[in-house]
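The values are calculated or read from the model by the stated rules, or taken from the named source; none is laboratory data. Because the structure is predicted, anything quoted here is derived from the model rather than measured. As a convention, Cβ positions derive from the backbone with ideal geometry for all residues, glycine included, and neighbour counts pool all protein chains shown. What goes into the accessible areas is simple: the full protein's heavy atoms, side chains included, and nothing from ligands, DNA or RNA. Shrake-Rupley method; radii C 1.70, N 1.55, O 1.52, S 1.80 Å.
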Amino acid sequence: WAQCKATCNPGEKPNPWDQPWKCDAIGSRTPGAPAKGGLLAPWAQKKCSRFNEDCSESKCCTGVDAVCYEKNSKWATCKTWCTEGRDPTDNNETWCTEGRDPTDNNETWCTEGRDPTDNNETWCTEGRDPTDNNETWSCKKLSAKGVGLAVKGFPSLFCFSLMRTEGYEVMIMQGQLNYSIGIFACDEAAVFSTDGGWTLGEGPDGPVKTIGVENAVIRTTMDGTAGNAKLFSNMWDKVMEDGRWRNHAWTIKVDPDAVLVPERIRWHVSAHTGEKVYVLNCNKVPGSPNFPMMFGSVEIFSFAAMDTYFTGRDACKQSMGQWLESWGEDYYMGKCMDLIKVGRISDFGVVGDSVCT
């Protein structure tokens, strides 16, 4: 017996019934396999701040390309950019103003501070501060740039599936969760469904529940496949809202019945980490204007590609929105990536199935 492995330690036994591995190399390494980066240190996983969290004390960020930028002596947060002065995207709704609020009768004040029967001089009210116009950002860098929440491998992967809560997909997804394989072998995973809040099972950190997606009409495309672009467009809106994609170098949408091996995905994409790209995984009809293209069983996007999509997705809806109920989601997403000028990588070895071949 021999097996392709990234690493091997003589004497190791992955399973109790295995014979100890000799680890003799009997072949060359996979051509083009890029060098690997390291995992995020356990202390950093616990200490470092996420996007939009206060990092004035931690002075480090886990998100991809995130830097801890200082606003003033009381606040700093993890962002990918910062401009001194006013930030038009910051509406102050999560700020805290110290001092007396003459319009508040103290019924909703927090429990820390002075007793509400006195003059209220040390209380703190969460919410909008109309006197803060955001012109005080210093943009002083308090940290180096984050590379992602790589807790299982480098580069870090955020993987997710949109599943039905009835039928064969349930057992497949539960099997992945129970054995920590498939999307649950990625650094972070999520499950979406039109049945939001449905419990898939128990994960390492507690119950794994589906994130709700607005349902949509699914028609039939010209080639006889599902015209599900509208449904998946709704799903991508929820992916953005969920926000975990921002902590990872790559985001991967996986069909529930696709077999995903995250470690192999890393071999394919590591060399392109940091680029603004998505992966074309099928060239079924060479010479066709529609090929090569991205087939939907496994869709792979870099952090910069996702950041560009969530900023520019409205341009896609304005240009191609009339086709959302007539196109397949993979075809629409590829066309959208091209429209907003996300680069392409052709890798026809990243997926193997009978649909493409």
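Matching residues to (1) on the phi > 0 side of the Ramachandran plot; (2) assigned to a loop (DSSP other than H, G, I, E, B); (3) surrounded by fewer than 17 Cβ atoms within 10 Å (Cβ to Cβ); (4) under 16 Å from the mean Cα position of the chain (by Cα):
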{"position": "Leu177", "(1), (2), (3), (4)": "no, no, no, no"}
{"position": "Ala190", "(1), (2), (3), (4)": "no, no, no, yes"}
{"position": "Gly196", "(1), (2), (3), (4)": "no, yes, yes, no"}
{"position": "Trp236", "(1), (2), (3), (4)": "no, no, no, yes"}
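Mind checking which pairs have a first residue in region 319-345 that is in a helix (DSSP H, G or I) and a second that is among the small types (Gly, Ala, Ser) and open to solvent by 20 Å² or more (accessible area, probe 1.4 Å), Cβ under 7 Å, 6 or more apart or different chains?
If the second residue must be among the small types (Gly, Ala, Ser) and open to solvent by 20 Å² or more (accessible area, probe 1.4 Å), the pairs left are Leu339/Ala315; Leu339/Ser319.
How many residues are within 24 Å of Met235 (Cβ to Cβ) and either in contact with a Gly (Cβ under 6 Å, 6 or more places away or on another chain) or in a helix (DSSP H, G or I) (or both) if we restrict to region 248-265?
5
Looking only at region 286-305, filter to residues that are under 19 Å from the mean Cα position of the chain (by Cα) and not in a loop (DSSP other than H, G, I, E, B); which one of those is surrounded by the fewest Cβ atoms within 10 Å (Cβ to Cβ)?
Ala304
Among the residues in region 255-275, are any open to solvent by less than 40 Å² (accessible area, probe 1.4 Å) and closer than 15 Å to Lys341 by Cα?
No, region 255-275 contains no residue that is open to solvent by less than 40 Å² (accessible area, probe 1.4 Å) and closer than 15 Å to Lys341 by Cα.
Residues in region 222-230: is at least one acidic (Asp, Glu) and surrounded by fewer than 18 Cβ atoms within 10 Å (Cβ to Cβ)?
Within region 222-230, one or more residues are acidic (Asp, Glu) and surrounded by fewer than 18 Cβ atoms within 10 Å (Cβ to Cβ).
Yes or no, residue by residue, for (1) at pLDDT 70 or above; (2) among the charged types (D, E, K, R); (3) open to solvent by 40 Å² or more (accessible area, probe 1.4 Å); (4) closer than 23 Å to Val147 by Cβ:
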{"site": "Thr7", "(1), (2), (3), (4)": "yes, no, yes, yes"}
{"site": "Lys46", "(1), (2), (3), (4)": "yes, yes, yes, yes"}
{"site": "Ser49", "(1), (2), (3), (4)": "yes, no, no, yes"}
{"site": "Asp65", "(1), (2), (3), (4)": "yes, yes, yes, yes"}
{"site": "Ser73", "(1), (2), (3), (4)": "yes, no, yes, no"}
{"site": "Trp81", "(1), (2), (3), (4)": "yes, no, yes, yes"}
{"site": "Asp90", "(1), (2), (3), (4)": "no, yes, no, no"}
{"site": "Glu98", "(1), (2), (3), (4)": "no, yes, yes, no"}
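Can you name the residue in region 306-318 that is among the hydroxyl-bearing types (Ser, Thr, Tyr) and free of Cβ contacts under 8 Å to residues at least 40 places away in the same chain and, of all such residues, is least open to solvent (accessible area, probe 1.4 Å)?
Step by step, filter region 306-318, then rank; the result is Thr308.
Examine region 270-285 for a residue that is part of a helix (DSSP H, G or I) and either touching an Asp or Glu at 6+ places or on another chain (Cβ under 7 Å) or β-branched (Val, Ile, Thr) (or both), and state whether such a residue exists.
No, region 270-285 has no match at all.
Per-residue answers, yes or no, for (1) in contact with a helix residue (DSSP H, G or I) (Cβ under 9 Å, 6 or more places away or on another chain); (2) over 21 Å from Phe192 (Cβ atoms):
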{"site": "Leu231", "(1), (2)": "yes, no"}
{"site": "Arg246", "(1), (2)": "yes, no"}
{"site": "Phe291", "(1), (2)": "no, yes"}
{"site": "Ile300", "(1), (2)": "yes, no"}
{"site": "Gly312", "(1), (2)": "yes, yes"}
{"site": "Glu325", "(1), (2)": "yes, no"}
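Which pairs turn up if I take residues in region 44-70 that are of a type in the set (Val, Ile, Thr) and look for partners that are open to solvent by 60 Å² or more (accessible area, probe 1.4 Å) with beta carbon separation below 7 Å, at least 6 apart in sequence or on another chain?
From region 44-70, the pairs are Thr62/Arg50; Val64/Val147; Val64/Arg246; Val67/Lys141; Val67/Lys145.
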